[in-house]
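Comments concern the structure below.
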Amino acid sequence: MTLNSDIEKSFIENEIIGLIIPSVKYEEILIMITDILSKNYDKILYISINKPCESLVSGLKKRKIDTDRFHFIDCITRTKKNMLSTENCTYISSPGALYEIHYAILDVLRKQEIDAALIDSPSSLLRYYEHMDVLKFMHLLTTELIVSRCKGIFPFRKESARQVRRSIEMFADKVIDIDAGSEFSV
Amino acid sequence: MHELIIYHSEMSRIMIVDDEPDVVELLKEILEAEGYTVIGAESGYECLEKLEKEPVDLILMDFFMPGIDGRMVIEKIRKNPSLKDINIVFLTAAAFKKRGMEILSELDILDYITKPIDVSDFTSRIKKIMEK
């Protein structure tokens, strides 16, 4: 079984999934994950803590991933320039505005039928918040995703935030620890 | 009218570990009223320190705590030959999922109780655990 099919199967069988990804392959594997999501679900929420929506969309389009299926929550662009939210993207004032991020997620979950939510990445929040605050936020988020019947996908860089990862594991159905040598296709 | 005093065995000692002092106080009151001797700890470190001096039969452990979380404290307890057999129940604000349940079993956790607690359910579950 390739990593692609293993991940795809896990998404089908579980609600809350953690992925531990070696840093060197993080971006590539994340693209593979978004590709799997776009092929299997109608509407996906992509919460980006530190990547601008514009560059995310252009990167995904280059890989021929259908970006129309995604609603983005962009936490970084408005720290550089003022942007008004659009139909497909909600701009947050800063990654440090946890309440604003939380409210935006709830708003999207309430207004749209989201099938899966990807947060890229929970460990990025540690630059702005204490470990406990991130953990409580993530815990609250998993509960809200379950209530909304929405899958939650939490990718982590293997080399970072070990304690947060371990804690979130308690509220996950499955955690996939990806080996640096795993074969996959994008 | 006679006062009803419930005498548990000398071994009926319970430790409550929670970073919220109000939770520790509340659970302490409830369990003391049931006749247990209750020790409070407001962090994982305090729990480990107190356990070295005061053995207990049961620990009620909060999951989310700053510094060292509940899972890590339990792992340390299970690795310590003089503490490893203590009964432990998790206190949590929400239900654990599939992987979480596997971890509870790996850590030999007896049960978990969700907060806010239902007092009568809480005391009856603690009683059942202590009678085992």
- line: Considering region B:114-128, residues that are under 14 Å from the mean Cα position of the chain (by Cα) and closer than 18 Å to residue B:96 by Cβ, and then whichever is surrounded by the most Cβ atoms within 10 Å (Cβ to Cβ), we arrive at B:122
- request: Hey, can you tell me all the residues within region B:90-113 that are more than 25 Å from residue B:23 (Cα to Cα) and among the charged types (D, E, K, R)?
  value: B:98, B:99, B:102, B:106
statement: Residues of region B:59-71 being more than 24 Å from residue B:122 (Cα to Cα) and surrounded by 16 or more Cβ atoms within 10 Å (Cβ to Cβ), in sequence order, are B:68
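Rundown of residues vs (1) more than 14 Å from every other protein chain (Cβ to nearest Cβ); (2) touching a Gly at 6+ places or on another chain (Cβ under 8 Å); (3) surrounded by fewer than 21 Cβ atoms within 10 Å (Cβ to Cβ), yes/no style:
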residue	(1), (2), (3)
A:147	no, no, yes
A:164	no, no, no
A:177	no, no, yes
A:183	yes, no, yes
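Evaluate the following for residue A:79: is it more than 24 Å from residue A:37 (Cβ to Cβ) and modelled with pLDDT of 90 or more?
Working: more than 24 Å from residue A:37 (Cβ to Cβ): yes; modelled with pLDDT of 90 or more: yes.
Yes, satisfied.
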message: Conditions first: (1) surrounded by fewer than 17 Cβ atoms within 10 Å (Cβ to Cβ); (2) closer than 29 Å to residue B:70 by Cβ; (3) not small (Gly, Ala, Ser). Residue A:98 passes all but one, so which condition is the exception?
response: (1)
field: First in region A:14-42 and away from chain B (no Cβ under 14 Å) and part of a helix (DSSP H, G or I), second anywhere and acidic (Asp, Glu) and surrounded by fewer than 20 Cβ atoms within 10 Å (Cβ to Cβ), Cβ under 8 Å, 6 or more apart
entry: A:23/A:159; A:36/A:8; A:38/A:66; A:40/A:8
Restricting region B:1-53 to residues that are of a type in the set (Gly, Ala, Ser) and in contact with a Phe, Trp or Tyr (Cβ under 7 Å, 6 or more places away or on another chain), the residue that is modelled with the highest pLDDT: B:35
task: Please specify each residue of region B:76-89 satisfying the condition of being within 18 Å of residue B:18 (Cβ to Cβ) and either facing chain A (nearest Cβ under 9 Å) or not in a strand (DSSP E or B) (or both).
output: B:76, B:77, B:86
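Give region B:90-129 a look and list any residue that's part of a strand (DSSP E or B) and either under 21 Å from residue A:141 (Cα atoms) or within 14 Å of another protein chain (Cβ to nearest Cβ) (or both), or say none. Spell out the reasoning first.
Looking only at region B:90-129, we keep the residues that are part of a strand (DSSP E or B), and these are B:90-92, B:111-114.
Answer for region B:90-129, where residues must be part of a strand (DSSP E or B) and either under 21 Å from residue A:141 (Cα atoms) or within 14 Å of another protein chain (Cβ to nearest Cβ) (or both): B:90, B:91, B:92, B:112, B:113, B:114.
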message: Against the condition of a type in the set (Ser, Thr, Tyr) and at pLDDT 90 or above, how does residue A:167 come out, does it pass?
response: no
- prompt: Among helices (runs of 4 or more DSSP H) lying entirely in region A:67-176, which contain 3 or more residues that are touching a residue at least 24 places away in the same chain (Cβ under 8 Å) and over 30 Å from residue B:104 (Cα atoms)?
  reply: A:98-111
task: Kindly indicate whether residue B:101 is out of contact with any strand residue (DSSP E or B) (no Cβ under 8 Å at 6 or more places or on another chain) and farther than 20 Å from residue B:48 by Cβ.
output: yes
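The values are calculated or read from the model by the stated rules, or taken from the named source; none is laboratory data. This is a predicted model, so every value here is computed, not measured. With ideal geometry, Cβ positions are generated from the backbone for all residues, glycine too; neighbour counts draw on all protein chains shown.
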